[in-house]
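Everything below concerns the one structure shown next.
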Amino acid sequence: MKKSVAITALLFASTTVFSFAHAADLVKVDGSSTVFPITEAIAEEFQKAEKGKTMVTVGISGTGGGFKKFCRGETDISDASRPIKDSEKQLCEENGIQYIELPAALDALTVVINPKNDWAKHLTVEELKMMWEPAAQGKITNWNQVRPGFPDRPLVLFGAGTDSGTYDYFVEAIIEGKSTRGDFTASEDDNVLVQGVAGNANALGFFGLAYYEENKNKLKAAPISWKGGKPVSPSVENAKNATYQPLSRPIFIYVNKKSADEKAHVSRFVEFYMDKKHAAPLVKEVGYVPLPDKAYDLALKKFKNRTTGTVFHGSEVGVGIEELMARSPK
Amino acid sequence: MNAANNCKTLEQIVSANKRIDVVMASLGILVLMVASAMLIGVFVDLLTSGWPRLISSEFYTNFPSRHPEKAGILSAMTGTSLVMLVTAVVAIPLGVAAGLYLEEYAPRNWLTDIIEINVSNLAGVPSIIYGLLALGLFVHTFALGETILTAGLVLALLILPVIIVSTREAVRGIPRDLREAAYGLGADKWQAVRMYVLPAARPGILTGVIVGLARAIGEAAPVITIGALTFIAFLPPSPIQAEAPFINFEWLSSPFTVMPIQLFNWVSRPQAEFHINAAATGVVLMAMTLAMNALAIYIRLRLRRHDR
């Protein structure tokens, strides 16, 4: 009896409730789980600063899933661990969504090996390509195939899941193609990759710098040499001064221009986000590399000018953040 | 002579069967022990790693935070409780009614067969498929949005087949005599079902409900698909309010997060301190499941006493 009352009430409620909107001002953010820790930290501080006047919600649908919602106009801001793709640009355009592209931080993709690995003092981009390209599938299975002089040991590969922006960026930077080989252990959970590489002397894997920094005692990072240059180790400094290439990448937030124009609280949130006083220490705290101060100033200016569009066209790798900010979107 | 021989073989057969009985019983106990040892192992492991957070009251009263030692599960706990409330209120009456109909009322024909096959198959459909269905149907077509109501409905759909199937099994197990005795006393069909069949089938139905709800509380995939959040530092409006009409349904349209999503997010963070939070969340999730089961068992006991 009680149950049937409850159901009637529920049905009644479901028809009436959805007619009125939310009382509190809401900033809706969704997208990449890589960017999530940064947005979470900013949101936490922003809510404190607003004293409960504005609420921020952050989801983790992934970069692609986030853009789908963003381009339907369902979210105000989209977290992205890679630049917007052409197909997503088109979707946004069809729905009349204009966006402002802002870099939030830098991430250095780290190639990690087991501490017992004493042969790979550094690796070149060409060698990484040889290990990971689709043609290597079933063929490159031993370290001694990678470079003469490497020992006769099986090559065990770990990498980010194919749905992640991390994977997309690795493919673009190293393979310069569409995908990697398929026969490696993939996981969306980077801690699984940490465990995998830490537990196998012959392993090699890649993931964001934060996961390496937290597990330095279990892992070794391979310095990377690009275009015959000196091998560079992944670190906050080397990512910031753009010497760790091509694996350091900017990660972004995309702001819906209409939301920024019409909702003052969204605009306040983005200005808080791009304020170097907040962004730099918070980004560092959650394990990412802050942009140089000047880049945050430029980003803030870009937002205030409401400069829409992306500065990325097709695949581009190894572009320094200062250079990116100096470009004007086409 | 012959009779004695026969007798001996009979004895042998009996003792051989008894031996098999003993072997099967010990095998059964072994399997049971392995299963419960695994459960206890996981629980103890989570408990020991999550202990520092479990004993801190802040863990239950704080919202998620970038500081692992300040982060709490208030929004996740509230979200899970409210979503499970919607799921139970929708799935239990619908599931039990559908099961009763199929078992007691439905005519035996091809249409019923098709429905039966589909219900059984639905129980095996991966949960993410339900999430996709809900995204298209509830979120976009019905425009219910990414809300507690949507999540409750999708989890209700998910466990509906489990409840239907267990209701049918429970009802089927009730002896015909009971019904016939009721009819003999002049009861009509609904009276027989309501007053005799349903009470007798209640333990079986409740077991199905428990299994279903326990599955729903641990689901993350369909809830993420419909757009549950990960960081949310406010609570839905309270279901109970001071002024009339005292009940408020606004919470149904509120954004939310649930425990499995919070747990998954913390597990996948680089900092080991967040993994402690994840373990503690796991313990609380298990405790919530057990509490839900305890509630069901309590209801069962009470009803039984009531019947007498």
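The values are calculated or read from the model by the stated rules, or taken from the named source; none is laboratory data. Worth saying up front: this structure is predicted, and the values here are computed from it rather than measured. Virtual Cβ from ideal backbone geometry, glycine too; neighbours counted across all protein chains shown. When the accessible area is computed, the model is the full protein with side chains, heavy atoms only, and any ligands, DNA or RNA have been set aside. Shrake-Rupley method; radii C 1.70, N 1.55, O 1.52, S 1.80 Å.
Structure notes:
- Placing +1 on the Cβ of every Lys and Arg and -1 on the Cβ of every Asp and Glu, with nothing else charged, gives the protein assembly as shown a dipole about its Cα centre of roughly 840 debye.
- With the convex hull of the Cα atoms taken as the outline of the protein assembly as shown, the averaged projected area works out to 40.8 nm².
- Net charge, B:Glu69 excluded, C-beta distance under 12 Å - Lys, Arg +1, Asp, Glu -1: +1
- Ranking by accessible area, most exposed first, for A:Asp30, A:Asp297, A:Asp190, A:Asp163 with a 1.4 Å probe: A:Asp163, A:Asp297, A:Asp190, A:Asp30
- Helix A:276-285 vs. chain A, principal-axis angle (Cα, 0 to 90°, nearest 10): 50 degrees
- The magnitude of the dipole of chain A, with charges of +1 and -1 set on the Cβ of Lys/Arg and Asp/Glu and taken from the Cα centre, is near 200 debye.
- In percent, rounded to a whole number, the relative contact order of segment A:213-330 is 21, using alpha-carbon pairs under 8 Å and six or more apart.
- Heavy-atom SASA rank of B:Thr48, A:Thr57, A:Thr34 (probe 1.4 Å, accessible area, largest first): B:Thr48, A:Thr34, A:Thr57
- Of all DSSP-defined beta bridges confined to chain A, some 60% are antiparallel rather than parallel.
- Computed from Cα positions, the angle between helix B:148-172 and the longest principal axis of chain B comes to roughly 10 degrees.
- Average partner coverage of B:250-260, which counts Cβ from other chains inside 10 Å: 3
- Choice from A:Leu91, A:Leu291, A:Leu193 showing the highest fluctuation, given a GNM over chain A with Cα pairs closer than 10 Å: A:Leu91
- Neighbours of A:Gly149 by Cβ distance under 15 Å: Lys/Arg scored +1, Asp/Glu scored -1, total 0.
- A viscosity of 0.890 mPa s and a temperature of 25 °C, combined with the Kirkwood radius over Cα pairs in Stokes-Einstein, give a translational diffusion coefficient for segment B:56-307 of 123 µm²/s.
- For chain B, the longest principal axis of the Cα atoms and the long axis of helix B:74-100 meet at an angle of about 30 degrees.
- Solvent-accessible surface (1.4 Å probe) assigned to B:Val34 amounts to roughly 80 Å².
- Inter-chain Cβ neighbour average for residues A:211-221, partner chain, 10 Å: 1
- Debye, to nearest 20: dipole size of segment A:110-233, +1 on Lys, Arg Cβ, -1 on Asp, Glu Cβ: 560 debye
- Protection proxy ranking of A:133-146, A:240-253 - average other beta-carbon atoms within 10 Å, highest first: A:240-253, A:133-146
- A helix-only calculation puts chain A at -11000 deg cm²/dmol for mean residue ellipticity at 222 nm, using -39500 (n - 2.57) for each DSSP H run of at least four residues, averaged over all residues.
- Whole-Å distance, taken between Cα centres, linking segment A:76-109 and segment A:222-241: 27 Å
- Restricting segment B:231-299 to chymotrypsin sites (Phe, Trp or Tyr not before Pro) in coil, as DSSP defines it, with at most 11 other Cβ within 10 Å: B:Phe246
- Projecting the Cα positions of B:Ala287, B:Ile205, B:Val83 onto the charge dipole of segment B:56-307 (unit charges on Cβ atoms of Lys, Arg, Asp and Glu, taken about the Cα centre) puts B:Ile205 furthest along the positive direction.
- Beta bridges assigned by DSSP with both partners in the protein assembly as shown are antiparallel in approximately 60 percent of cases.
- Two-decimal Rg to Rh for segment A:110-233 - Kirkwood Rh, Cα set: 0.92
- Residue-averaged 222 nm ellipticity for chain B, from DSSP H runs of 4+ at -39500 (n - 2.57), nearest 500: -23500 deg cm²/dmol
- Charge tally for A:Asp297 (other residues, Cβ to Cβ under 13 Å; Lys, Arg +1; Asp, Glu -1): +2.
- Per-residue average of Cβ from other chains inside 10 Å of B:227-240: 5
- In order along segment A:162-172, phi translates into HN-Hα couplings of 5, 8, 8, x, 4, 4, 4, 5, 4, 4, 5 Hz, rounded to whole numbers, per the Karplus curve 6.51 cos²θ - 1.76 cosθ + 1.60 with θ = phi - 60° and x for Gly and Pro.
- Accessible area (Å², per residue) of the protein assembly as shown, counting only protein heavy atoms and a probe of 1.4 Å: 47 Å²
- The modelled label-to-label distance between A:Asn217 and A:Lys301, using points 7 Å beyond Cα along the C-beta direction, is 4.6 nm.
- Largest first, the residues A:Trp119, B:Trp51, B:Trp110 sort by 1.4 Å accessible area into B:Trp110, B:Trp51, A:Trp119.
- Between A:Lys258 and B:Asp188, the FRET efficiency from the beta-carbon distance, with R0 = 56 Å, is close to 0.35.
- The coefficient of translational diffusion for segment B:1-51, derived via Stokes-Einstein from the alpha carbon Kirkwood radius under 20 °C and 1.002 mPa s, stands at 151 µm²/s.
- For chain B, excluding the exposed loop sites themselves (GluC sites (Glu not before Pro), DSSP loop, at most 15 other Cβ atoms within 10 Å), the longest remaining stretch covers B:70-242.
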